[in-house]
């Protein structure tokens, strides 16, 4: 079963909300869909909301980091928002820290970082 | 002090990446029922995710089994990841941050060791891998 994650658009910013039950191949689909959309709408920024995730393991983190790197090559900026406290701690112990990726507390803070006002 | 192992409370066949997700979700439920804190639940679920992914990536199929363990007054959750895949040639290298024979980050095994309290790995080339980890309730 393939899970598709909707990519929302607000101006030139794309917003994607990653859900918990995503397998590795689902995550790769999200990566592909998101990158396609970044290219097709010439997005200047992407916010990836991971607040629904209660596990972010090495594969998930690497995928997020790959997405951010690809988007950066396109001249756009990625912000990962909503990493839960428990998840953050396990990431640190795993040795994962997303050093080159912008992060923010929540969607609103992420949008602000991209110079956008989030309209709820 | 010896560790007393109880019956297996959960057994998962791991054959696909969807099984990785269900194993970590079921593991988290068991950990929550045992009274583990939310941070510890996340550590247990993430460890299961790493161990189960190694099975899929390197051995194709294997099992994840959870059981309750007691050592003295301590109670813990034991996770055993078992496969009959190609095994690990150089265990010492496999336990080093950043070492990977695939394109992964090479953090699965060393990262898992940091997330749990007890970590034990047995492997020989051609004879599969068996990883046993325990998280103790505080």
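The values are calculated or read from the model by the stated rules, or taken from the named source; none is laboratory data. Bear in mind that the values here come from a model prediction, so they are computed numbers and not experimental data. All Cβ positions, glycine included, derive from the backbone under ideal geometry; neighbour counts span all protein chains shown.
Need a quick list: helices (runs of 4 or more DSSP H) entirely within the stretch B:21-138 having at least 2 residues that are closer than 29 Å to residue A:64 by Cβ, touching a residue at least 60 places away in the same chain (Cβ under 8 Å) and within 14 Å of chain A (Cβ to nearest Cβ).
Values: elements: B:38-54, B:91-94, B:108-115.
It comes to B:38-54, B:108-115.
When you scan the stretch A:84-94, do you find a residue that is within 10 Å of the chain's Cα centre (by Cα), under 29 Å from residue B:116 (Cβ atoms) and buried (at least 18 other Cβ atoms within 10 Å of the Cβ), even just one? Spell out the reasoning first.
Step one: of the stretch A:84-94, the residues within 10 Å of the chain's Cα centre (by Cα) are none.
Taking every residue of the stretch A:84-94 in turn, none turns out to be within 10 Å of the chain's Cα centre (by Cα), under 29 Å from residue B:116 (Cβ atoms) and buried (at least 18 other Cβ atoms within 10 Å of the Cβ).
Across the stretch B:1-34, what is the number of residues that are surrounded by fewer than 20 Cβ atoms within 10 Å (Cβ to Cβ) and farther than 22 Å from residue A:52 by Cα?
Adding up the residues that qualify gives 15.
Name every residue in the stretch A:85-103 that is facing chain B (nearest Cβ under 8 Å), at pLDDT 90 or above and outside any helix (DSSP H, G or I), in order of residue number.
Those that are facing chain B (nearest Cβ under 8 Å), at pLDDT 90 or above and outside any helix (DSSP H, G or I): none in the stretch A:85-103.
Evaluate the following for residue B:18: is it within 12 Å of chain A (Cβ to nearest Cβ) and farther than 20 Å from residue A:90 by Cβ? Before you say what the answer is, go through the steps one by one.
Values: within 12 Å of chain A (Cβ to nearest Cβ): yes; farther than 20 Å from residue A:90 by Cβ: yes.
When the stated conditions are applied, residue B:18 passes them.
Tell me, please, whether a residue that is under 22 Å from residue A:84 (Cβ atoms) and crowded, with 19+ Cβ neighbours inside 10 Å can be found in the stretch B:86-101.
First pass over the stretch B:86-101, keeping only residues under 22 Å from residue A:84 (Cβ atoms): none.
No, the stretch B:86-101 has no match at all.
Going through the stretch A:1-49 one residue at a time, which ones are surrounded by 18 or more Cβ atoms within 10 Å (Cβ to Cβ), within 14 Å of chain B (Cβ to nearest Cβ) and part of a helix (DSSP H, G or I)?
Scanning the stretch A:1-49 gives A:24, A:26, A:27, A:30.
Does at least one position in the stretch A:50-73 carry a residue that is more than 14 Å from chain B (Cβ to nearest Cβ), touching a helix residue (DSSP H, G or I) at 6+ places or on another chain (Cβ under 7 Å), surrounded by 15 or more Cβ atoms within 10 Å (Cβ to Cβ) and not in a helix (DSSP H, G or I)?
No; the residues of the stretch A:50-73 include none that is more than 14 Å from chain B (Cβ to nearest Cβ), touching a helix residue (DSSP H, G or I) at 6+ places or on another chain (Cβ under 7 Å), surrounded by 15 or more Cβ atoms within 10 Å (Cβ to Cβ) and not in a helix (DSSP H, G or I).
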